[in-house]
Amino acid sequence: MSTRQFTLDDLRRILQEGAGVDEAADFGGDIADTGLGLLGYESLALLETAGRIEREFDVELDDEAVTDVDTTPRQLVDLVNACLRPEPAPART
């Protein structure tokens, strides 16, 4: 069974669609370990981003984890992917 994965490119696209890109941020570079606040996103923009992710990927995200401006894109991608993982099948007896 294949599970859709959330990627850094998905996050870039959703951030750009929902909140735009801060002109001072090098958004095309390696942003994986840079805090979202340093990339120019405040908590309101991150809430919008979380809502878009939840709708598109059919997941429920912890608002506190998503709106922390110190959260990095890598952490957010990992959080979404953890929510996307299918539950293990029940053991057969």
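The values are calculated or read from the model by the stated rules, or taken from the named source; none is laboratory data. Predicted model, so just to flag it, every value in this text is computed and none were measured. Every residue, glycine among them, receives a Cβ derived from its backbone with ideal geometry; neighbour counts consider all protein chains shown.
So which residues in the stretch 53-86 are over 13 Å from Tyr41 (Cβ atoms) and in contact (Cβ under 8 Å) with a residue 24 or more places away in the chain, if there are any at all?
Correct list: Ile53, Glu56, Phe57, Val59, Arg74, Val77, Val80, Asn81, Cys83, Leu84, Arg85, Pro86.
Quick one: which helices (runs of 4 or more DSSP H) sit completely within the stretch 32-85 and have at least 2 residues that are under 16 Å from Arg13 (Cβ atoms)?
Once the helices (runs of 4 or more DSSP H) in the stretch 32-85 are filtered for at least 2 residues that are under 16 Å from Arg13 (Cβ atoms), what remains is 43-57, 73-84.
Hey, among the residues in the stretch 63-81 that are surrounded by fewer than 16 Cβ atoms within 10 Å (Cβ to Cβ) and more than 11 Å from the chain's Cα centre (by Cα), which one's modelled with the highest pLDDT?
Top of the filtered list is Asp70.
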